[in-house]
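To keep things clear, I will list the structure first and then write my remarks on it.
The values are calculated or read from the model by the stated rules, or taken from the named source; none is laboratory data. Computed from a prediction, not measured in an experiment: that's the story for all the values here. Cβ sites come from the backbone with ideal geometry, for glycine too, and all protein chains shown count toward neighbours. Quick note on the areas: whole protein, heavy atoms, side chains included, nothing else; ligands and nucleic acids left out. Shrake-Rupley method; radii C 1.70, N 1.55, O 1.52, S 1.80 Å.
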Amino acid sequence: MKLSFLHCLVLSFEVLRVAGGPGAGQNTWERFNKLPFPEDEAFLYSTFPEGFMWSVGSAAYQSEGAFEKDGKGLSVWDTFTRGGNRIATGDVGSDSYHNIHGDIRALQKLGVSHYRFSFSWPRIFPNGTRSSFNEAGVSYYRNLIQRLKEIGVQPIVTLYHWDLPESLQRTYQGWINPVVVDFFKDFADFCFREFGDDVKYWITIDNPFVVAWHGYGTGLVAPGIKGDPGLPFRVGHNLLKAHAAVWHLYDEQYRPKQGGQISIALASHWIRPIKTRRESIQACQCSLNFVLGWFAKPIFTDGDYPLCMKSNLSSRLPSFTEEEKRAINGTADFFALSFGPVLSFHLINESLKFGQTEDLDLRRLLYWIKAEYDNPRIFIVENGWFVNGNTKTEDPKHMYYLKRFIMETLKSITYDNVRVMGYTAWSLVDGFEWSREYGIRRGLFYVDFDSPNLKREPKTSALFYQKLIEKNGFPLLPENMPATGVFPCNFAWGVAANSIQVEVTPSQFIDPNVYIWNVSGNGELKKLSEARVSSRRKTHCSDYAAIRYQVSQIRRMHVSHFHFFLNWSSILPTGKVSEANTTLLGYYKCFAAELLQGNVTPVVTLWHRTAKHSGLPASMDAKKGWQSMETVLAFVKYARLCFKHLGDHVKMWITLNEPNMGNPEYMVGHHLLKAHALAWHVYDKEFREAQKGQVSLTLHMDWVEPAYSFSRDDVEPAIRVLDFRIGWFAEPIFGDGDYPEGMRKWLQQRNTLDLFGYHLPVFSEKDKKLVRGTYDFFALSHFTTTLVFERVEEKLHYDDKLEVHYLLDNTWVRSRGRVPVVPWGLRKVLNWVKTKYKNVPIYIMANGVDEDQARLQDNLRIYYIYNYINEALKAHLLDGVNLQGYFAYAFNDQSDPGFGLYGVVHDELVVKSSLMHYRNIIDHNGFPSTSDGQQECLEKNDYCPECLFLTKRPAIAFVSFVGAAFVITVGLMIYYSKRYK
């Protein structure tokens, strides 16, 4: 959806207001809290700027292998992985040293414009100094760069990606010693001179925070030193000096001729305040300054450390001389940003969170950098996520994280005017993942580490990234555009409620006492004791204040239908029809009659269960509930009772509401189907001719989409889930009278050893005939969509019975209850029904989203209703779906907490904004185009029993009318003639 005009104004104002400089990033949290929800979080269909740099990356120690091949020296990682409790090494990695052609093919398949990789310092200078120059190492990188040139991919070279020559660590204590700064400068000088004509983008050091904090503080990464709390800051001090020295070297000696650009790759997490208080936001600001600002502020602002670090660390933080500040300040041609699992949720200590909560939000981080460092050009040089180490080529989790991060980047460019120049997915191939070894995989290409040639195979994430680069983003497709048009004139617009307010005692005309009105005094009514009036007045439906109030609120919505559920256990407390609560039945009858009087058609459901209650009378619950055929037969008697008492006012019945919810046992499902079929036949044979109503059942139909659909095999898990979730109940009724073939075959295969209780009951031919065709329309409830794929990723989201894994798209808007808002899923559901069941009439009986009950300005629900109904319109207009009605869920928060179009304040219903928006859609019967003429529909007459009489018996009615007029006239003449005699 495109941004609203108001949203654009807010964004424009914020862009103009923000001023770059230290501390300006603190406005980020407030700014994003003010942006309109959910519009700002909705998916953005757009493309990246022309010339945007699409890249993928790798690091030498992770991927090259050949750790002692052709004269290479040892690095600190070669020794670190052989000590302590380490299990695996990067000795082979993904063997890129011997497999340049495999990496080149992978790059070609992706279609990237740039490739970021690192030089191994000990492969070029085995002992870290120029005197140990290794020609074989230089030849390897020269060959790689030449091959990149041949396929039109520009190299982005990192000089130092954590693999310090072991000789420098052993001899000089590594980065603790300032002398290493000079060794690094000499190494960089060689690389600039040797490769600079072909390399236009240089990264001096990757993620100095990890090197300093974890290499020389916590000991989690090489060289694994720990114990001295001040050591990480001394190491960081030297890393900044090393970077600045190399930048000046390139700027002064190589840039004029080679024309390249150089920066340092800085990694960060994102942090969210646990409260909106100023103190929490300041703590978040300090957290970012301790991680990102530690290195970014000296380089991009003023050559000195953040004030938060200086005030917290005191003497542990080294200080720069004025000359050093000037030398460090401005030593970056762009802001090279790394964001992902290298820090987020893995290597950030609790102490660095300052009591706040870590979050994955690249867009906010990008804006923070823009504000804090005066709007630099940003190149995202490492981004992505990870999957488990046993994952092979199907990695939808990684794919959807990539989609999310790239979407946030696009929004950052489009909405926030952040100057992002390129994006690097990490990584090209699976490799050694530092402290996590081979326990996770981050590659776009799968590497079988046990195979002799370590062949590369594209993962689903690679195929996604390839298409994304090809399209340069997410171009708007016709199916993503809102539709204009209207629904048919007789379209049923409704609202649903799990229950209605019941008041079995009328509130009017039931007090038999006599009162005296003290007219001349205080005006109070005084009840006379002993004085009572005997009234023969019968109770009228209008005497129920609860009915009048509810119906008036329903009419206020302009709906044509109201869907409510009967309470079986209250109507038949003992379960016996002979002991029915006739008072309650009378109340339901009055409620339906008053709805009709108000021109609202009642839609009534006989049975539904809730999370806390089975919906059955207690006596049946005690006798195994739906597992027993006795409950089936009792339901049929109960249905007959309701048809008899309410059928004159109810023309649309639902026997069972969502019997497929909650994964019932197969025998329970079998009995539910029989109960529905028997009740349907009762209505069809005993009541239909007189009452002219329709009967069906409502199926819960949340959509299931393949997590990826690159082949037919990818779609099969979704088909299987749909068979079990929907086809289980739909196919016997709307299909051939039996369970889906795929469902039965799957369970037979699972029961080979008879170890699982997956036995699906069998319909006899008589039963098939009984169940098949027991519908007058297809009723469904739909709320959301999930993704599914056929592989174990996380046991929590894995369905052992169906052998599928459930997943959500990280770009989807979520409700307060974390339910995804996926409007297009409704259109897919409607088309699935149309295709499977021959264009059957369809009613959407419930569709809604949960939101904070305190929010009367319920923007998420407005967004939800508009977009879901618009998808329903597309299904009707574009796909030819025989859609007959739409019911919003729900009526109010009293009966359906969090879902109501009415809020409840002090037991009074209060209109929410979503109600007015829904009413506007109803009044326009959809989304008419301004160019279309007004839809011509006949107005529906108010319900009037007398009118029905006149319509059905016109001749008799005319005679009766004339006769009555004659009698009244004669009576009046006689009365007045006698009176005035």
| remark: Per the charge dipole of the chain (beta-carbon charges, Lys/Arg positive, Asp/Glu negative, Cα centre), the residue among TYR254, GLN154, PHE778 reaching farthest to the positive end is PHE778
| query | Looking at segment 637-702, which trypsin sites (Lys or Arg not before Pro) are in a loop (DSSP not H, G, I, E or B) and have at most 15 other Cβ atoms within 10 Å? | reply | LYS692
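Give, rounded to the nearest 20 debye, the magnitude of the charge dipole that segment 553-684 has about its Cα centre when Lys and Arg contribute +1 at Cβ and Asp and Glu contribute -1 at Cβ.
Computed about the Cα centre, the dipole is about 120 debye.
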| Can you work out ³J(HN,Hα) from phi for every residue in segment 160-171, in order, using Karplus 6.51 cos²θ - 1.76 cosθ + 1.60 and θ = phi - 60°, giving whole Hz and x for Gly and Pro? | 9, 10, 6, 9, 4, x, 4, 4, 6, 5, 5, 7
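Could you give the dipole magnitude of the chain about its Cα centre, charging the beta-carbon of Lys and Arg +1 and that of Asp and Glu -1, in debye to the nearest 20?
2960
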| For segment 135-179, what's the radius of gyration and Dmax over Cα atoms, in angstrom? | 15.1, 42
| task | For segment 528-652, report the accessible area per residue in Å² (1.4 Å probe, heavy atoms, rounded to an integer). | result | 47
| query | So for segment 296-384, Kirkwood radius off the Cα pairs, Stokes-Einstein at 37 °C and 0.692 mPa s: how many µm² s⁻¹? | reply | 221
| said: Could you tell me how many cubic angstrom of Cα convex hull volume segment 43-158 has per residue? | reply: 141
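Applying a 10 Å radius around every beta-carbon, put 694-706, 829-841 in order of their mean neighbour count, most first.
694-706, 829-841
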| DSSP loop GluC sites (Glu not before Pro) in segment 417-480 with at most 13 other Cβ atoms within 10 Å of their Cβ, which ones? | none
| request: First measure r as the distance between the Cβ atoms of SER764 and GLU437, then evaluate 1/(1 + (r/R0)^6) with R0 = 60 Å and state the FRET efficiency to the nearest 0.05. | output: 0.55
| request: Quick one: plug the Kirkwood hydrodynamic radius of segment 223-373 (C-alpha pairs) into Stokes-Einstein at 25 °C, 0.890 mPa s, and report D in µm²/s. | output: 149
| Which listed residue (HIS670, PHE320, SER75) has the Cα farthest towards the positive end of the charge dipole for the chain, taking +1 on Lys and Arg C-beta and -1 on Asp and Glu C-beta about the Cα centre? | HIS670
| query | Roughly how big is segment 71-210's charge dipole about its Cα centre, with Cβ charges of +1 (Lys, Arg) and -1 (Asp, Glu), in debye to the nearest 20? | reply | 220
| query | Within the set LYS801/LYS874; LYS612/LYS828; LYS185/LYS226, which residue pairs have Cα atoms separated by over 28 Å? | reply | LYS801/LYS874; LYS612/LYS828
| said: List the residues, sorted by chain then number, that are 5 or more residues from ALA425 or on another chain and whose placed amide H is less than 5 Å from its amide H. | reply: SER55, VAL56, GLY57
| Applying 1/(1 + (r/R0)^6) with R0 = 30 Å to the Cβ-Cβ distance of ASN177 and ILE100, what FRET efficiency is obtained, to the nearest 0.05? | 0.30
| Among ILE406, ILE469, MET661 the positive-end extreme of the charge dipole of the chain (Cβ point charges) | MET661
| task | With a probe of 1.4 Å, find how much accessible area segment 110-243 has per residue, and write the answer as a whole number in Å². | result | 30
| Working out 0.36 nm times the residue gap between ARG170 and SER578, then minus their Cα-Cα distance, what length gain in nm do you get to one decimal? | 137.5 nm
| Tell me, what is the per residue accessible area of segment 288-432 in Å², probe radius 1.4 Å? | 29
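Diagonalise the Cα gyration tensor of segment 821-891 and give the resulting equivalent ellipsoid semi-axes, square root of 5 times each eigenvalue, largest first, whole Å.
Ellipsoid semi-axes (Å, largest first): 26, 11, 9.
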| Largest-first principal axis extents of the Cα set of segment 46-111 (Å) | 50, 25, 18
| query | Using modelled backbone amide H atoms (1.01 Å from N, in-plane), which distant-in-sequence or interchain residues come within less than 5 Å of GLY485's amide H? | reply | PHE927, SER929
| Once you wrap a convex hull around the alpha carbon atoms of segment 197-249, what is its projected area averaged over all directions, in nm²? | 4.2
| message | I'd like the carbon and sulfur percentage of the solvent accessible area for segment 812-914, probe radius 1.4 Å, heavy atoms only, ligands and nucleic acids excluded. | response | 49
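Expressed as a whole percentage, what fraction of the accessible surface of segment 56-163 belongs to carbon and sulfur atoms when a 1.4 Å probe is rolled over the protein heavy atoms?
C and S atoms contribute 51 percent here.
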| query | Can you pull the percent of Cα pairs in segment 636-699 with separation above 18 Å? | reply | 34
| said: Check which residues have an amide H placed less than 5 Å from GLN261's amide H, if you skip close sequence neighbours. | reply: TYR201, TRP202
| Taking the Cα-to-Cβ direction at THR357 and at THR930 and moving 7 Å from each Cα, how far apart do the two end points lie in nm? | 4.2
| task | Any chance you could look up the accessible area of SER931 with a 1.4 Å probe, heavy atoms only, rounded to 10 Å²? | result | 100
| query | Can you work out the FRET efficiency for the pair LEU307 and GLU194, with r the C-beta to C-beta distance and R0 = 45 Å, to the nearest 0.05? | reply | 0.60
| Taking Cα atoms of the chain, Rg/Rh with Kirkwood Rh, to two decimals? | 1.10
| message | Between ASN349 and ARG147, what is 0.36 nm times their sequence separation minus the Cα-Cα distance? Round to one decimal in nm. | response | 68.6 nm
| Starting at 0 and stepping by 10 Å, how many percent of the alpha carbon pairs of segment 746-866 end up in each bin? | 10, 24, 31, 25, 8, 1
| query | Considering only protein heavy atoms and a 1.4 Å probe, what is the carbon-and-sulfur percentage of the accessible area of segment 227-276? | reply | 51
| Relative to the compact globular guide of 2.2 N^0.38 Å, what is the alpha carbon radius of gyration of segment 92-240, as a ratio? | 1.11
| query | Length gain on complete extension for the stretch LYS623 to LEU35, per 0.36 nm per residue less the alpha carbon to alpha carbon distance? | reply | 206.2 nm
| Using all Cα-Cα distances in segment 104-167, what percent lands in each 5 angstrom bin from 0 up to the longest? | 4, 18, 24, 20, 15, 11, 6, 2
| note | Rounded to the nearest whole number, the Stokes-Einstein translational diffusion coefficient of segment 163-281 at 20 °C and 1.002 mPa s (Kirkwood radius, C-alpha pairs) in µm²/s is 135
| query | Any idea of HIS98's accessible area? Nearest 10 Å², probe 1.4 Å. | reply | 90
